[in-house]
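Here the structure comes first, spelled out in structure tokens, and everything after it is commentary.
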Amino acid sequence: MNYDVIIIGAGPGGIFAAYELMQRDPSLKVAVFEAGNELSKRRCPIDGEKIKSCISCKSCSIMSGFGGAGAFSDGKYNITNDFGGTLYEYIGKKQALDLMYYIDEINLRYGGEGTKLYTTAGSRFKTTCIQHDLHLLDASVRHLGTDINYIVLENLYAYLKEKVEFFFNTPVRTVSLDGNGYRVVCDKDEFTCKDCIISVGRSGSKWMENVCKELDITTNSNRVDIGVRVELPAEVFAHITDELYESKIMYRTEKYGDRVRTFCMNPKGAVVTENTNGIITVNGHSYEDPAKQTNNTNFALLVAKHFSEPFKDSNGYGESIARLSNMLGGGVIVQRFGDLIRGQRSNHKRIEEAFITPTLNATPGDLSLVLPKRILDGIIEMLYALDKVAPGTANDDTLLYGVEVKFYNMEVEVNENLETKHKGLYIIGDGSGITHSLSHASASGVYVARSIAR
Ligand SMILES: Cc1cc2nc3c(=O)[nH]c(=O)nc-3n(C[C@H](O)[C@H](O)[C@H](O)COP(=O)(O)OP(=O)(O)OC[C@H]3O[C@@H](n4cnc5c(N)ncnc54)[C@H](O)[C@@H]3O)c2cc1C
């Protein structure tokens, strides 16, 4: 029951921390506690027939379990400091990038070999964007795809389970100081360790807040990103996605000066639902395997919202908007762009008559009853701006699914070692509010593992 290192959460942050600890010092006794299931047992019960929508399982198989929130994701590892988190502010830009390339090497060794690395460097599209007041952010992106991403995780688990002790379906309830180390309390047992790495991701955000309160660790409010997922025929964005796969494009609206950006682009992908603490939002993914690809491309258009005093609960604001769409649509709402512009709700007939087949069975409705005007205006402006670089974007039949919300955890106060004011207690990955992506979360895991092993 006593370990050198306890890792809480088996998402990318926790997995790569465990991996690197074993690389650096295999004699360390390491345990990983995970609220969800092991990878092979992660199954979302929604089958589209008997169970059509979320039944709020005790532990959500999409967000929890070995592989974390990213297990069934598109597996896009963005190697960049321009987005995906602010890890570089703590560890420096070069080191952050080096670690992301290191993660890439591991992913290739564990099953990702042969997948494509796309890059924006030298892209002609960047010039086209600037000419239309759009800004393409710099990045290299390794696209594993949902299928290969899963294989990489399977292989990493096969390697780690021989060296590290995993406790699945074991949510940690409390973490407290215990002499020179930490006491980790679960439902049935208690464990102690010298160093503790907390990597609980977004699904652990509420729990993380409590731990910070109990251990008197300062937290600061973060932003929330609110918007829609856009779905259109793959041909419209093919000239961009064929060259870059994922492009992060920024736009500053004329009306309010707000920043709108594209996020999580899935060429020939599918729109999916996501459940965060019982709230249904929209997301997207795609497959490397051509047999699983669709005729559509999807991506999110998001507007970042920061709040200043006295309001602090930016996630609560995002949740309320998502709840509104859940209330009106019983989940995710879909609307044709043409209907939105004409101020009419979409209905089944108009969706069926459109020249695009939705990949998600969402409720036709009216997003203007859900999204605040300022956010909706920004999204409409950006769709017209994108239409200049990808004609067809602002087509009447373009589908908008709402709402997409990117919640960010409270930013936890840690030092340049990602260590809290309590020696040996590290907070990493999305749970720290510092990272928001697979590559940054993974890099933060390797970073703390190296510092512990040292
Ligand atoms: C559908 C989807 C698609 C995505 N696609 C991409 C993408 O293509 N590219 C990209 O960069 N990012 C993507 N992301 C985001 C990415 O998955 C996350 O940034 C990343 O997983 C964060 O890793 P993490 O280890 O910090 O946290 P997580 O992956 O969230 O893992 C945290 C783990 O901790 C566990 N946990 C929580 N609380 C406790 C507790 N109290 N005790 C024990 N265990 C606990 C959870 O069950 C979870 O398994 C996607 C996310 C989703 C949901």
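The values are calculated or read from the model by the stated rules, or taken from the named source; none is laboratory data. Given the structure is predicted, the values throughout are model-derived calculations rather than measurements. Quick reminder, even Gly has a Cβ in these numbers, built from the backbone with ideal geometry, and neighbours come from all protein chains shown.
Could you list, in sequence order, the residues of the range 147-177 that are in a strand (DSSP E or B) and either hydrophobic (A, V, I, L, M, F, W, C) or modelled with pLDDT under 95 (or both)? I'd like the intermediate steps shown before the answer.
Looking only at the range 147-177, we keep the residues that are in a strand (DSSP E or B), and these are 165-167, 174-177.
Scanning the range 147-177 gives 166, 167, 175, 177.
Take the conditions in contact with a His (Cβ under 8 Å, 6 or more places away or on another chain), surrounded by 15 or more Cβ atoms within 10 Å (Cβ to Cβ), assigned to a loop (DSSP other than H, G, I, E, B) and of a type in the set (Phe, Trp, Tyr) and apply them to residue 66. Does it pass?
Numbers: in contact with a His (Cβ under 8 Å, 6 or more places away or on another chain): no; surrounded by 15 or more Cβ atoms within 10 Å (Cβ to Cβ): yes; assigned to a loop (DSSP other than H, G, I, E, B): yes; of a type in the set (Phe, Trp, Tyr): yes.
No.
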Subject >> Candidates 281, 294 - the one that is under 24 Å from residue 221 (Cβ atoms) and in contact (Cβ under 8 Å) with a residue 12 or more places away in the chain >> reply: 281
Subject >> Given (1) more than 15 Å from the chain's Cα centre (by Cα); (2) part of a helix (DSSP H, G or I); (3) touching a residue at least 24 places away in the same chain (Cβ under 8 Å), number of the condition residue 97 does not satisfy >> reply: (3)
**OP:** Taking residue 360 as the residue in question, decide whether it is of a type in the set (A, V, I, L, M, F, W, C), touching a residue at least 24 places away in the same chain (Cβ under 8 Å) and assigned to a helix (DSSP H, G or I).
**Re:** no
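So which of 333, 351 ends up being of a type in the set (Val, Ile, Thr), surrounded by 15 or more Cβ atoms within 10 Å (Cβ to Cβ) and more than 25 Å from residue 56 (Cβ to Cβ)?
Values: 333 fails: more than 25 Å from residue 56 (Cβ to Cβ).
Answer to the selection: 351.
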Subject >> Flag if residue 114 is assigned to a loop (DSSP other than H, G, I, E, B) and in contact (Cβ under 8 Å) with a residue 24 or more places away in the chain >> reply: no
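Quick one: which of 439, 451 is within 28 Å of residue 123 (Cα to Cα), hydroxyl-bearing (Ser, Thr, Tyr) and either without any contact (Cβ under 8 Å) to a residue 60 or more places away in the chain or not in a loop (DSSP other than H, G, I, E, B) (or both)?
Values: 451 fails: within 28 Å of residue 123 (Cα to Cα).
None of the others qualify; the one that does is 439.
To keep it simple, each residue is scored yes or no on (1) within 13 Å of the ligand (Cβ to nearest atom); (2) farther than 20 Å from residue 292 by Cβ.
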position: 57; (1), (2): yes, yes
position: 63; (1), (2): yes, yes
position: 69; (1), (2): yes, yes
position: 80; (1), (2): yes, yes
position: 83; (1), (2): yes, yes
position: 87; (1), (2): yes, yes
position: 102; (1), (2): no, yes
position: 106; (1), (2): no, yes
position: 116; (1), (2): no, no
Original post:
Here is a list of conditions, (1) surrounded by 15 or more Cβ atoms within 10 Å (Cβ to Cβ); (2) more than 16 Å from the ligand (Cβ to nearest atom), and residue 311 meets all of them except one; can you say which number that is?
Top reply: (1)
Subject >> Flag for residue 107 being in a helix (DSSP H, G or I), touching a residue at least 12 places away in the same chain (Cβ under 8 Å), buried (at least 17 other Cβ atoms within 10 Å of the Cβ) and touching a strand residue (DSSP E or B) at 6+ places or on another chain (Cβ under 7 Å) >> reply: yes
Subject >> Residue list for the range 239-278, restricted to those being without any contact (Cβ under 8 Å) to a residue 40 or more places away in the chain and surrounded by fewer than 22 Cβ atoms within 10 Å (Cβ to Cβ) >> reply: 242, 257, 268
Subject >> Residue in the range 373-388 that is assigned to a loop (DSSP other than H, G, I, E, B) and modelled with pLDDT of 95 or more present >> reply: no
Original post:
When only residues in the range 203-252 that are within 12 Å of the ligand (Cβ to nearest atom) and of a type in the set (Phe, Trp, Tyr) count, which is modelled with the lowest pLDDT?
Top reply: 245
Original post:
Mind checking which residues of the range 116-141 are touching a helix residue (DSSP H, G or I) at 6+ places or on another chain (Cβ under 9 Å) and either farther than 21 Å from residue 286 by Cβ or at pLDDT 95 or above (or both)?
Top reply: 124, 128, 129, 131, 132, 133, 134, 135, 138
Original post:
Quick one: which of 46, 51 is away from the ligand (no atom under 13 Å from the Cβ), assigned to a loop (DSSP other than H, G, I, E, B), buried (at least 17 other Cβ atoms within 10 Å of the Cβ) and of a type outside the set (Lys, Arg)?
Top reply: 46
Subject >> Selected residue (criterion: surrounded by the most Cβ atoms within 10 Å (Cβ to Cβ)) from residues of the range 11-43 that are under 25 Å from the mean Cα position of the chain (by Cα) and among the polar types (S, T, N, Q) >> reply: 37
